[in-house]
Amino acid sequence: MEQAAETIAAGDQAAFARLAESYRHELQVHCYRMLGSYTDAEDMVQEALLKAWRRRETFEGRSSFRAWLYRIATNVCLDALAGPRSREVVVTVGAAPAEVPWLQPYPDRLLDLAGPGEGEPDALAVARETIELAYLAAIQHLPPRQRAVLILRDVAGWPAEETAGALELSVAAVKSALQRARATLRAHLPERRAEWGPATEPSAEERAVLRRYMRASEAGDLTALAALLREDARQTMPPATLLYDGRTAILGMWAPVTEGPEAWGEWRSLAVTANRQPAAANYVRRPGETSFTAVNLDVLRVEDALIAEIITFGPELFPAFGLPATL
């Protein structure tokens, strides 16, 4: 805290930027939880750091520099959520609408950088239970201020008084908002989520399922894929609001892509992790082409060695995962 106060008092923009930058990764994860979008979180954390410099005189030293940055980042996200929402894409042909079309994955390799800032005590690694896609999708159902209360109290571990100050609420309002948020969250999370625990990487079972899934995908083996899917499995494809509900619906969607005259071509997959879950980066080499081109990223939710959910994203975030555009 003393270092931050001295840096601000000196008016040295370069020194302030170095200090604030040490918190960038954890602030981006915080913004990601608020917004559910990796690219929006990048924009919001940049705006928050710029606003911190412009409003540096508001840092009075009564809280930590880290908490002051979190307060600014939270309110930047709340302002964004209060603005017009134009990112929802409506596609209704052949499927029911998915719940969160703006959802994006977060690369584990960047989650691992979201540790404490300069001069801060050690922080816990970003755990699966607060970053998995099911959790991110569920909290998007909360009103923005309830969402902020839940994240600051249950994820960041802030006391009610500090949360109330950051959000300009009474302590009673914070406690009430947290109670309502927890109830809504329970209604939208998978039933067996409590069994997953606070892991920071996929389990051996999940990795084994991922390997089998990749082999089935590369071979276009729908029989093998069917054996991996729960009967009530579902597949969504943000930002398109598509939901394929059940094993039969998923296989029906896959069939023309992998078999027959309309098949896309030869497939290759690379194993990655996103949101502490197993994922496959998929590439296809179409007839007449010499290289495999990035197509999509499948993030899996596995229960009892079977796939309960596949969330498929486009290749736009491959660079964030350190993945090539072609193989």
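Just so it is clear, none of the values below were taken in a lab; they were calculated from the coordinates. Note that the structure is a prediction, hence the values are computed from the model and not measured. So basically every Cβ, Gly included, is an ideal-geometry build from the backbone, and we count neighbours across all protein chains shown.
Values of log10 I(q)/I(0) for the range 204-321 across q = 0.13, 0.21 Å⁻¹ run -0.47, -1.31, by the Debye formula with one identical scatterer at each alpha carbon and no solvent.
Test of the criteria: in the range 22-83, which GluC sites (Glu not before Pro) are in a DSSP loop and have at most 11 other Cβ atoms within 10 angstrom of their Cβ?
E60
The GluC sites (Glu not before Pro) found in the range 260-297 that occupy coil by DSSP, while having at most 15 further C-beta atoms within 10 Å, are E262, E289. Here the sum of -39500 (n - 2.57) over DSSP H runs of 4 or more residues, divided by the residues of the chain, equals -13500 deg cm²/dmol at 222 nm, to the nearest 500.
DSSP bridge analysis restricted to the chain gives an antiparallel fraction near 85%, rounded to the nearest 5.
For A233, the residues whose amide H sits under 5 Å from its own are G246, R247, ignoring neighbours fewer than 5 places away on the same chain, with H placed 1.01 Å from N.
Between the Cα long axis of helix 171-188 and the first principal axis of the chain there is an angle of about 10°, rounded to the nearest 10. When only Cα pairs below 8 angstrom with a gap of at least 6 residues are kept, the chain shows a relative contact order of 16 percent.
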